[in-house]
Every structure is written in C-alpha cells, then in structure tokens.
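The values are calculated or read from the model by the stated rules, or taken from the named source; none is laboratory data. The structure presented is a predicted model; accordingly, all values stated were derived computationally and were not measured. Ideal geometry is used to build each Cβ from the backbone, glycine not excepted, and the neighbour counts take in all protein chains shown.
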Amino acid sequence: MKLRLTHLGFLLALSTVLTGIGGVAATYLVAKHEFRDLLDDDLETQSRLLSEMLESGMHDLPPDELQSLLATVFEEDDEDTLWVNVYERSTGLLTSNLSHSKPMPKVEDETLSLALDGYDWHGSQRASDRYVVQILRRDDYLSDAQEDVFDDIATPVLVAGGINLALLAIFLTMVLRPVTRLSRQLETRSPDSLAPLSVSTSTREVAVLRDTLNRLINNVDDVLSRERQFANDVAHELRTPLTTLKLELAGDDPDIAVLKFEVNRLTQLVSQMLTLARVEQGHLRRSFADVDLELLCTQELEQLSPDMMDAGMTVSRSLSSLAVPGDKVLLAVLLRNLLLNVLRHAGPGTELDVRLERTDLGVCLSVEDNGPGIEPAHREALNAGYSRMDSRSAGHGLGLAICRKIAAVHGASLTLEAREDGGNGLLARVVFPA
C-alpha cells in the first residue's frame, strides 16, 4: 500500500505534537530533579553556615535571644517558609523559629523528613560538637515552585507548537491539497482526454508542475493531431491512384500508360513514406556530414529539367557555394519535393527561381514561383502544420509533411510565404541555423 502525501502530512503533524509533548515532559522531569537538588544543596549550605556561626562564638546567646534571632532571620513567608531548629546536644534544649516540641532526632542523619501542622517537611541536618542544626522546607512549597517551572517551560513550547501546527496546516492547504486534486484529476480522466488540468494554487512549485503537465498534454495533443493529419494525407494520396487502377483494371481494355503512371505514383508515395519513417527513427545527427548545397541544387535541377521543360516552365538559379551539416539523401528529398510541388501545381509558363544564399539568420534555400499561389489563411495553416491542401484545392500533400520533418531534423525552419515583390505565386524558404 502506497502512502498519500496527505497521510505523510498528518503523520508529520502527529509527530510534531508528540515531539512537543515529549520534549516538555522530558524537560520538566530534568528540571524538577535539578531544581530539587539545587534547593537541597541550598538547605545544606544554610544549615552548615548556621552551625559554623553558632560554634564560632555565638553559643553564649541565651535561648530567648537565639529564638528571636532565628525568627527574625528565618521569618515566615507565604511562598517559601523555612523551619529552623537548633538543639543543644548536652541538654537537648530546643530553639526554633516555629512553635513545636519535637525531640532531637539521630545525630548521624544528614537529611530528614518531618511533619508539622499537617504538612510534610524535607531538609538538611548539621551536627557539631555542641549543636544540631536543622533547616527544612515544606514539600508543598516545592511542588508549587515546580509547577511554576513547568508553566514557564510548557507555555512557550505550547505556543511554538501551536504556531508550527498552524504553519503545517497552511502548508497542507497550499501544497498538498492542490497536489492531491491534481493527482485525482489525472487518475479519474479517461485515456483519450487531453483537456488541460485546472487546479488553482498560489504555490509556485505546484503551478510549475501543473503548467508543465499542461504543456506536455498540449504537445501530445499536437503530436496526435499531426499524426491524424498525416494519416489523412496518406489516405488521400493513396486513394486517387488506387481508384484509377481499379477503374482501369475493371475495363475490357486497360490503358497501359495510365497503369504505369499510377504504379509509378504509388511507388513514389511508398518511397516518401519510407523516407518519413527514416526521419522518424531519429539518431540521424550522429551521422551528419557537411553537404554541398550548391552541388545538391544543381543535381536536382538537372534531373527535373526535362519535366520542367515539358511543362513549359522557365527555371533560373542563383546559387552560392555553401554547405551545411546534414544527411545528403534527406536534403535531396527535401529539395526535390519542393520542386515537384511547383511542377505539379503551377501551370504552364511558370517562372521558377531557386536561390541559395547566406543571411543574418543562416543559410537560406528558397524556391519561388509565380504560379497561382496559396490563399493567406491556408498558407498560415500549412505553416502551423495543422492543415493540408489536397489536389482538389491545388495544394500540397504528403511531400510537404516530409519536407517539414526533414527540416526539423536538421534544425532548420520551413515556411511558405508570399512573394517578396507582392506578385502571384509562392515562396518556400528553408533556413538552416547559422
């Protein structure tokens, strides 16, 4: 069984209470023992001093004067009354500050306990050659003093403990409660729910945790949306050639040229999907090497030159000698797909301009045409990666999705923009970081 944070919080609160109570009890017991020893030492010291004083020359005092002296020095006090007895050993004569007639106890005893006026007394006894001196204190006075000590010890501890418990309650409310609500939301939500977590908190750490989880959920939602869009792209791209093949094969006299064209189209689609799978596998940066983009652009343009001439397109180029680290095959696929998009969707007489230059942002590869272009709203959707424009809308399909992923692998950005001169057409720009 796993403990919840709230259980740990309550255990911490219980530990705080028990620790406070145990600390007060232990401190009181130690203080009580030390305080008793201190008072006993004080009685022993006073009895010794009084005994030495009597032996030093004051033993000639008459009994009535000695009693008056004891009554004056050790007067009654409501908080701490001392009981003083002086016995003369030879005669057993008693002099005391309190009225009683108790006989002299054994001389050998150094501590003694007596009873007087319904109270228990505890004290020290000192025997000299001529006198036996006893000084005692009432036990209830000692108990009262110990209770005062306990109050002085317990009050600040209890106040501090109450403050600690209040702070702990605030901690549980501010931290554990939102964390518990957060965990409950995660536990109770369905696997297909990607709604943001809604937990209000004033604690920075909990807010960071909530926001991080929400960003993670948004990223997962974004990835799933892209994958669903990609699946739609693939389904659309495959549907047209498969439908054409099905119709041709259903007829009595299939057009071999059409069949070859659609088979080649399917082959190209499968090849692009394999390329995309290679990109998705990752670990490509380890094998990156410098790729000559000028040579790469020249080779791709030469390979597509016959098709572009047949389509009535005019091609111009402005290429600088630049290289970037990357995978040569993938970069060739990126450039070829951009050129094929122009070839497929721009009409006869289209002017195509391919430029390779260094800018403040890095190495820039741009493919610009003066074809029909793309509406601004659709262009923004394509740049965001959440939309596609199929062949019925004269747009881009699976090839553009592959281009975007290849650019991301190389740390580059791919954007579709309006022409810089404001004319009709489209500018596809790939910027490799400096």
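Which residue out of TYR119, TYR87 is among the aromatic types (Phe, Trp, Tyr) and more than 13 Å from ASP139 (Cα to Cα)?
TYR87
Looking at VAL206, VAL223, VAL199, VAL159, which is the one that is crowded, with 16+ Cβ neighbours inside 10 Å, assigned to a helix (DSSP H, G or I) and outside the structural domain of THR81 (by TED's automatic domain parsing)?
VAL206
Search the stretch 300-335 for residues being surrounded by fewer than 17 Cβ atoms within 10 Å (Cβ to Cβ) and within 47 Å of the chain's Cα centre (by Cα), and hand back the single one that is farthest from ASP369 (Cα to Cα).
This residue is PRO325.
If we keep just the residues of the stretch 102-113 that are at pLDDT 85 or above and more than 21 Å from LEU142 (Cα to Cα), which is surrounded by the fewest Cβ atoms within 10 Å (Cβ to Cβ)?
PRO103
For the stretch 280-299, give me each residue that is modelled with pLDDT under 90, charged (D, E, K, R) and either on the phi > 0 side of the Ramachandran plot or loosely packed, with under 12 Cβ neighbours inside 10 Å (or both).
GLU280, ARG286
Kindly indicate which of ALA231, ALA277 is in a helix (DSSP H, G or I), modelled with pLDDT under 80 and more than 20 Å from VAL409 (Cβ to Cβ).
Unique residue meeting the criteria: ALA231.
Output the number of the condition that VAL234 fails; it satisfies all remaining conditions of (1) within 30 Å of GLY399 (Cβ to Cβ); (2) exposed (fewer than 13 other Cβ atoms within 10 Å of the Cβ).
(2)
Which residues, taken from the stretch 253-268, are among the basic types (Lys, Arg) and surrounded by 11 or more Cβ atoms within 10 Å (Cβ to Cβ)?
Once the filter is applied, which keeps residues that are among the basic types (Lys, Arg) and surrounded by 11 or more Cβ atoms within 10 Å (Cβ to Cβ), the stretch 253-268 yields only ARG265.
Considering each residue of the stretch 345-357, count those that are within 10 Å of GLY371 (Cβ to Cβ) and of a type in the set (D, E, K, R), and give that number.
Going through the stretch 345-357 one residue at a time, the tally reaches 1.
Can you find a residue that is in a loop (DSSP other than H, G, I, E, B), in the same structural domain as THR45 (by TED's automatic domain parsing) and free of Cβ contacts under 8 Å to residues at least 24 places away in the same chain anywhere in the stretch 117-125? I'd like the intermediate steps shown before the answer.
So in the stretch 117-125, the residues in a loop (DSSP other than H, G, I, E, B) come out as 117-118.
Now drop any that are not in the same structural domain as THR45 (by TED's automatic domain parsing), which leaves 117-118.
Applying the additional criterion that residues be free of Cβ contacts under 8 Å to residues at least 24 places away in the same chain yields 117-118.
Within the stretch 117-125 (the criterion being in a loop (DSSP other than H, G, I, E, B), in the same structural domain as THR45 (by TED's automatic domain parsing) and free of Cβ contacts under 8 Å to residues at least 24 places away in the same chain), the answer is yes, since at least one residue qualifies.
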